[in-house]
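Worksheet: the structure to be examined is printed underneath.
The values are calculated or read from the model by the stated rules, or taken from the named source; none is laboratory data. Computed from a predicted model, the values in this text were never measured in an experiment. Cβ coordinates were reconstructed from backbone atoms using ideal geometry, including for glycine residues, and neighbour counts include every protein chain displayed.
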Amino acid sequence: MVSQETSWLATRVQRLEKLNTDLQRTLLTFLLDDNRNIELTAGDLFVHPNTVKYRLKKLDQYFGFKVGRMPESLELYQLAACLRIMRGHA
């Protein structure tokens, strides 16, 4: 059962890893650091808020739901946290 859960997690984390670096950073910062706040995310990434909005739209299309909306984003939030931990950026 543990190996099945590990496989499930690895498959989903790999989907996050397929995103380009800018989209990954935007996703992790938006969900984990800035409480889904576009302006704070823009400030942390040193980009214009419209850039964050554009990237979030791309992420919405990629995942098939509005990123940040709960409960749809709960699993994505958890996966983003796992990805960050796996990379050693806790």
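For beta carbons closer than 9 Å, sequence separation of 6+ or different chains, a first residue in the range 13-34 that is free of Cβ contacts under 8 Å to residues at least 24 places away in the same chain and among the hydroxyl-bearing types (Ser, Thr, Tyr) and a second that is in a helix (DSSP H, G or I) and buried (at least 17 other Cβ atoms within 10 Å of the Cβ), the qualifying pairs are Thr29/Thr41; Thr29/Leu45; Thr29/Val52. Counted as qualifying within the chain are the helices (runs of 4 or more DSSP H) with 2 or more residues that are in contact with a helix residue (DSSP H, G or I) (Cβ under 8 Å, 6 or more places away or on another chain), at pLDDT below 90 and hydrophobic (A, V, I, L, M, F, W, C), namely 2-17, 74-86. Residue check: is Arg55 exposed (fewer than 15 other Cβ atoms within 10 Å of the Cβ) and either among the charged types (D, E, K, R) or under 12 Å from Thr26 (Cα atoms) (or both)? No. Cβ-Cβ distances below 7 Å connect the following pairs, each with a first residue in the range 46-62 that is closer than 14 Å to Arg36 by Cα and free of Cβ contacts under 8 Å to residues at least 12 places away in the same chain, a second residue that is assigned to a loop (DSSP other than H, G, I, E, B) and of a type outside the set (Lys, Arg), and a separation of six or more residues or different chains: Asp60/Val67.
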